Structures are given as structure tokens and as C-alpha cells.
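Report on the structure given below.
The values are calculated or read from the model by the stated rules, or taken from the named source; none is laboratory data. Treat the numbers as computed from the prediction; the structure is a model and nothing was measured. Quick reminder, even Gly has a Cβ in these numbers, built from the backbone with ideal geometry, and neighbours come from all protein chains shown. Protein only, heavy atoms only, side chains kept; ligands, DNA and RNA dropped before computing areas. Shrake-Rupley method; radii C 1.70, N 1.55, O 1.52, S 1.80 Å.
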Amino acid sequence: MSKILIVGEHDGRQLNPAVAKCVTCAAGIAGGEISVALFGADTAGVAAQAAAIAGVKSVLRVDRPENTHPLAAVLAPQVAALAADHSHIFGPSTSFGKDLMPRVAALLGAPQVSDLMAVEAPHRFRRPIYAGNAIITVEADPAHKVVATVRVASFESAPAGGSAAVESRTLQVALPAHTRYVGAKTAASERPDLQTAARVISGGRALGSADNFKMLFALADKMGAAVGASRAAVDAGYAANEMQVGQTGKIIAPDMYVAIGISGAIQHLTGIKDAKTIVAINKDPEAPIFEVADVGLVGDLFQVVPEIDRLIG
Amino acid sequence: MQKIMVCVKRVVDYNVRVRVKPDGSGVMLDGVKMSVNPFDEIALEEALRIKERTGNVEVVAASIGVPDTQQQLRTALAMGADRAVLVETTAPIEPLTAAQAFLALVRKENPDIVFLGKQAIDDDANQTGQMLAALWDRPQATYASKVEIAGGKAAVTREVDAGLETIEIDLPAVITVDLRLNEPRYVKLPDIMKAKKKPLDVIALDSLGVAAEQRLKVVKTDPPAQRQKGIMVKDVAELVDVLKKKGLIR
Ligand SMILES: Cc1cc2nc3c(=O)[nH]c(=O)nc-3n(C[C@H](O)[C@H](O)[C@H](O)COP(=O)(O)OP(=O)(O)OC[C@H]3O[C@@H](n4cnc5c(N)ncnc54)[C@H](O)[C@@H]3O)c2cc1C
Ligand SMILES: Nc1ncnc2c1ncn2[C@@H]1O[C@H](COP(=O)(O)O)[C@@H](O)[C@H]1O
């Protein structure tokens, strides 16, 4: 029988919504048993949240002060120790999971399936390569455990209604001191989170300045949307790095994605392929973004955006 | 600081629109332009800047791949690497195998820092640096957007989902780089000439005691699902109307 261990991302207070998506992915492994592991200084609160996800059999808490900040070098040996009696070890395809899971895989001598987008059998999965220009089906050698990062945009959240058992685990694992957390600079925002928002408005190089991006923030606030950006806009300093959408930024699947002044480079498109409706506003009728847009408008964003703002009041 | 190793992968150029072979056996690579993985150029640039700041540092470019990978290593030498090592193989190399091979090189070279790209734009795996750090039992700082080195330590600012995070790591260590770390220099013609004389060693993968194990077998390659062609609207009023009808805005 498959036993799947999901490494649960959280910030100490809230379980990351990606965990419920990983549960849906794991539930695709027929007859599997799902556990969620939580590492932190005090995971009581987030453990209760994980236990409430339908489909989770058990929640394993590993509380120790060294786990206050999720450092891959510190967490990986603990995940590897917990993984001993599991066949599959999954984490979300977020910066947390992408950093941690390969380190776990190497400790286990196991291969990793990155950005797992579909489970076809317990050892058969689909994942994108070449910025999503090709999808490969891979078969993992059952002689090894399977480590994977789950492409969260490919899965719906598992519903609430679970009542998993919560256990505390003490692991006899020596932790390295060679890696130390110093600090973080995060833009606390009232806006919806880019990775889970139902609506996203993104701006590209055409915005021309950080000041002009405020126009998008105002519109987003009216629509209850999150704000994203192309790499060009981030590189130019118009938008923060965490707003980048695409192959090397965030991969998202909102109900509506509005691309404003974004050309639609392949690296950008791979981040939005799973959006239900793509809206594109660009002054160039030949812009590649129109090839994937469900609704397109050719126009100058500096006229179009204020007008939308006015019309939706 | 004495030595920095930079891992440089030969990949399909990022401007090429990769297509899947009709029989699903892979992607079409014949005659396609090959380049240094863009992230690895950034990794090399960072190593060169450290060398220029501190002096007396040897920068070694390393790659694993087919014989033609010498082209990409020559580019790395032209950018400013002092020498290059090609671990030659024609077998497909999984990230864990690449990490094992780089570990063998690390044991020979004893670098203070190994720089890698955060991901290779062909397999989009985002694994090799983290795996090397694990096998080497040394720190990893992934997705670096700023690297400051002082007194046997590095303070690395990382691009994470919530914004920026800074960690401090003891050297030797593995650092994988993100897009905003720097802008790689252009290679000038005289540099290309000079690079021809720089040492480029070629060794066989199995001489490192590493086998190209296939733990993940690719059984099929498909094109991605195509989106339906959409509609064009003539003005903002129509746009808002369509979105309201779809229930996407109020
Ligand atoms: C290794 C690598 C990784 C990458 N990863 C990513 C990634 O994750 N995400 C990403 O987005 N990119 C990524 N890129 C970059 C990508 O290739 C493109 O360069 C980038 O997406 C372009 O951004 P843009 O569309 O904002 O800018 P441009 O391509 O310059 O497009 C600007 C668009 O705005 C339009 N425009 C101009 N003025 C107006 C106006 N007044 N009104 C309306 N429209 C206007 C123009 O017609 C044009 O289509 C990556 C590149 C590489 C090499
Ligand atoms: N065969 C290889 N040759 C050289 N460098 C590699 C190779 N494979 C991976 N790398 C390095 O590891 C990084 C991440 O690759 P990946 O884990 O495949 O996404 C790349 O940016 C390179 O720096």
C-alpha cells in the first residue's frame, strides 16, 4: 500500500492553502494513506487546520525551536527520518517546497518529480518541461521512494470535514548549525494572495513605472483581485519580485487573469495556462498574448484601464 | 576564498519554441540553437564579480553533457572563467546523477562556493543545487538575488513567495541564483579568441564512479492542451459587458 507523506507549509499561524491541493493530488494514488507533517516551533494551531482537511489520516507534529524558520538544511534530515515508513513524499511547488524537497530526495537517494501535474498510477505521473511546451509522462522506479513537488495550479483544494489524528513526533536527528535565518522583507498586503486569488490583474513592461502600477492596484481593489507582473516589469523595478508570474515566477490558476501591457512570451504564458478566463489588453493586435486570450481588447492601457475603473464604479 | 565552481548546462536556447515530435517520443532537437542555460550565465557572472572584487580566486566552469557541450564551456571561458571541465556522456542525466557527478568534482576541486542556476530551462527541475548541497552535507542558499561574502560566510538574500528572505551560511556552500542577481556581461570578440587557449579538460562520467542511472523513465511526451480561440471585443464597454455576463465582475 502507498503511504504518502505531505510536508505541510505554514507560517506558524496559517496552513498554506497549497497543502489542501497536495492532499487532492495524493488522493489520486489509489488506496493510499495520507499523512501531513508539520515542522515548527509550535504547530498546534496549524495541526488543527491540517487535521480538518478531508482525506488526511494523520498529522505528524515535529515541534522544536530550530524549526521556527523553514530552513531546508535543517528540515530535510527530519523529513527524511519521518519518510522512512512512507513510499511517497510530497511537498507543494512553492518556494518552500522547491527549496526543501530536492534536499530530502538526495538524502533518500530518490528521484524527484518536479511540478507533478497528474497522477496516472502510484508510480506514473505527468509533469511539464520546456516552460510547459511539452508534457512528459514519467515512470518512477519502484525500487526508490518517490519525492515530488506538486504543481498546485493543477489541483483543486481538498474539502474540509476531515478529523485526522494529531500526533507529536520526537526525532533523534542531529541538525546542522551552518545555516542561519537572518530576516525577511515581505510586503504585508490586504490584497488576496496571488497564488490563491480567484481574480488576478497583471501588468507588464508597458506600465512604464512603479507609479503607474498603482492604477492596477486601485482596479484590483475594486475587483477583489490580486496583482501580478511580468518578468520585464519586475526587472525594471515597477513591481516586487514576489509578483512575477511565469516559468520562473508563480504558476497560477485563477478564474480570471487580466494581462495588461504584457506581450505573452512563452515564459509568461506557462504561468497562466490554467486560468479559466484570460483577458488581454494590448495596443499591438499582433501580440502573442491574444493567441491564448479568451477575451482580447486592442487599445492603449492608459486609456483602457481608467475607463474600466470608471465603468465598474 | 580561493576557488569558485560554476555549473553550466547546455540547453535549448530560450528563444526557441520547442515542439513535440508527432510520435510522442520526445521533443524536436535537430538543428535547434543551443545555449548556456540563462540562469547559469547569471551564476557565472556572480562568480566573476566576486573574483574581480577580491582577486586571486580561480573560477572553474563545469558541465555534464554531450561532446558538443564544449561550445557552452568555451562561452563560459570567454565570459571570464579560468578553466573548464566537461564530464562527458551521451546518456540522459537526471538531476540526482548530475548532483553525484558534481559532488565528485567538488571532492577533487574543493571550491569555497558552487554556483548553479536555480533551474535549467529544459527540464525545469529546480533540483540539482539542493541535491548537491545535501550529498555534500553543506549549506544551500537557493534563489539568490544578493550575495555578500565576508569572513568565511555568505549572507544571501533569496527570492521567496512572500518576498525576500535573508539567510547566513558558512562556506563552503552551494548557492543557486535567480534572475535579479545581476545582468551577465556580453562576450567580446577578443575574449572568444583568448578563451580558445584556456584549459578545457574532458573526463568521462564513469571515471568519476557515477553511473547514469534512470530512476525516472520518460514513457511519453505530449504537446500541452491547447486553449480555445477567444473573442476580440471592440471597446471597453463591450469588454465590461462580456465579463459581467460571464459573472467575472459585478
Ligand atoms: C530564463 C528566463 C526566464 C523567464 N521567466 C519569466 C517569467 O517567469 N515570467 C515572465 O513574465 N517572463 C519571464 N521571462 C521573460 C520573457 O521572455 C519576456 O521577456 C517577458 O515576459 C516580457 O515582459 P512584458 O510582456 O511585460 O514585456 P514586453 O515583451 O516588452 O511587452 C510589452 C507589451 O506591452 C504592449 N504595450 C506597450 N505599450 C502599451 C500601451 N500603452 N498599452 C497597451 N499595451 C502596450 C506591447 O505591445 C507589448 O506587447 C523569462 C526569460 C528568461 C530568459
Ligand atoms: N548536466 C548539467 N551540466 C551542467 N550543469 C547542470 C547540469 N544539470 C544541472 N546543472 C546545474 O543545475 C542547475 C539546475 O538544474 P535543474 O535541477 O536541472 O533544474 C542548472 O542551472 C545548472 O547550473
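Considering only beta bridges that DSSP places wholly inside chain A, some 20 percent are antiparallel. When DSSP beta bridges are limited to those with both residues in chain B, what percentage is antiparallel, rounded to the nearest 5? Percent antiparallel among DSSP bridges in chain B is about 40. Principal-axis analysis of the Cα atoms of chain A puts helix A:18-27 at an angle of about 60° to the longest axis. Between A and B, buried accessible area from a 1.4 angstrom probe totals roughly 6700 Å², ignoring ligands, DNA and RNA. For chain B, a simple Cβ point-charge model (Lys and Arg +1, Asp and Glu -1, everything else neutral) yields a dipole of about 660 debye relative to the Cα centre.
Helical runs (DSSP H, four residues minimum) scored at -39500 (n - 2.57) apiece and divided by the length of chain B put the mean residue ellipticity at 222 nm at -8500 deg cm²/dmol. With all protein chains present, how much of the accessible area of chain B (probe radius 1.4 Å) comes from carbon and sulfur, to the nearest whole percent? Taking all protein chains in place, chain B shows 50 percent carbon and sulfur surface.
Residues of segment A:99-135 that lose at least 50 Å² of accessible area (1.4 Å probe, protein heavy atoms only) when the other protein chains are present, relative to their chain alone, are A:Asp99, A:Pro102, A:Arg103, A:Ala106, A:Pro111, A:Tyr130, A:Asn133, A:Ile135.
For chain B, what's the relative contact order in percent, using C-alpha pairs closer than 8 Å and at least 6 residues apart? Reported as a whole number, the value is 23 percent. Starting from the Cα gyration tensor of segment B:92-171, take the square roots of the eigenvalues, sort them a ≥ b ≥ c, and report rounded, prolate or oblate (rounded when a/c is under 1.5, otherwise prolate if a/b is larger than b/c, else oblate). Taking the square roots of the gyration eigenvalues as a ≥ b ≥ c, segment B:92-171 is oblate.
In the assembled protein chains, B:Thr89 presents an accessible area of approximately 20 Å² (probe radius 1.4 Å). Candidate cross-link partners of B:Lys246 among the aspartates and glutamates, defined by an alpha-carbon separation under 16 Å and a same-chain spacing of 8 or more, comprise A:Asp255, A:Asp294, B:Glu238. Where both bridge residues fall in the protein assembly as shown, DSSP classifies roughly 35% of the beta bridges as antiparallel.
Here's how it looks for B:Lys153: its modeled amide H is under 5 Å from those of B:Leu171, which are all 5 or more places away or on a different chain. Of A:Met215, A:Met243, the residue with the largest accessible area leads and the full order is A:Met215, A:Met243 (1.4 Å probe). Evaluated over chain A, the count of Lys pairs having alpha-carbon atoms less than 19 Å apart is 14 (only pairs 8 or more residues apart or interchain).
Bridging of B:Lys108 to lysines at a Cα separation below 21 Å is possible for B:Lys3, B:Lys9, B:Lys51, B:Lys198, once same-chain residues fewer than 8 apart are set aside. Once you have a ≥ b ≥ c as the square roots of the Cα gyration tensor eigenvalues for segment A:3-168, tell me rounded if a/c is under 1.5, and otherwise prolate or oblate according to whether a/b is larger than b/c. Prolate. Probing with 1.4 Å while keeping every protein chain in the model, the per residue accessible area of segment B:126-175 equals 28 Å². Computed from Cα positions, the angle between helix A:72-82 and the longest principal axis of chain A comes to roughly 50 degrees. In chain A, the DSSP-assigned H stretches of four residues or longer account for a calculated mean residue ellipticity at 222 nm of -7500 deg cm²/dmol, using -39500 (n - 2.57) per stretch and the full residue count as denominator. The residues A:Met117, A:Met256, sorted by heavy-atom accessible surface at 1.4 Å with ligands and nucleic acids left out, run A:Met117, A:Met256 from largest to smallest. Solvent-accessible area of chain A (1.4 angstrom probe, protein heavy atoms only): carbon and sulfur portion equals 51 percent. Ligands, DNA and RNA aside, A:Arg169 has an accessible area near 90 Å² when probed at 1.4 Å. For B:Asp13, the residues whose modelled amide H falls within less than 5 Å of its own, excluding neighbours fewer than 5 places apart on the same chain, are B:Lys33, B:Met34, B:Ser35.
Taking a Cβ cut-off of under 10 Å around A:Ala47, the surrounding Lys, Arg, Asp and Glu residues balance to a net charge of -2, with basic ones at +1 and acidic ones at -1. Inter-label distance, B:Val32 to B:Ser207: 3.0 nm, where each label sits 7 Å from its Cα along the C-beta direction. Axis angle, to the nearest 10 degrees, between helix B:95-109 and the longest C-alpha principal axis of chain B: 20 degrees. Per residue, the solvent-accessible area of segment A:199-312 (1.4 Å probe, heavy atoms of protein chains only, all protein chains present) comes to 35 Å². Counted without the sites themselves, the longest stretch of chain A free of GluC sites (Glu not before Pro) in a DSSP loop having at most 16 other beta carbon atoms within 10 Å is A:1-155.
How would you classify segment A:199-312 from its alpha-carbon gyration tensor, with a ≥ b ≥ c the square roots of the eigenvalues: rounded for a/c under 1.5, else prolate if a/b is greater than b/c, otherwise oblate? Verdict is rounded for segment A:199-312. In this structure, the amide hydrogen of A:Gly296, modeled 1.01 Å from its nitrogen in the peptide plane, lies closer than 5 angstrom to those of A:Ala280, B:Ile231, B:Met232, B:Val233, counting only residues at least 5 positions away or on a different chain.
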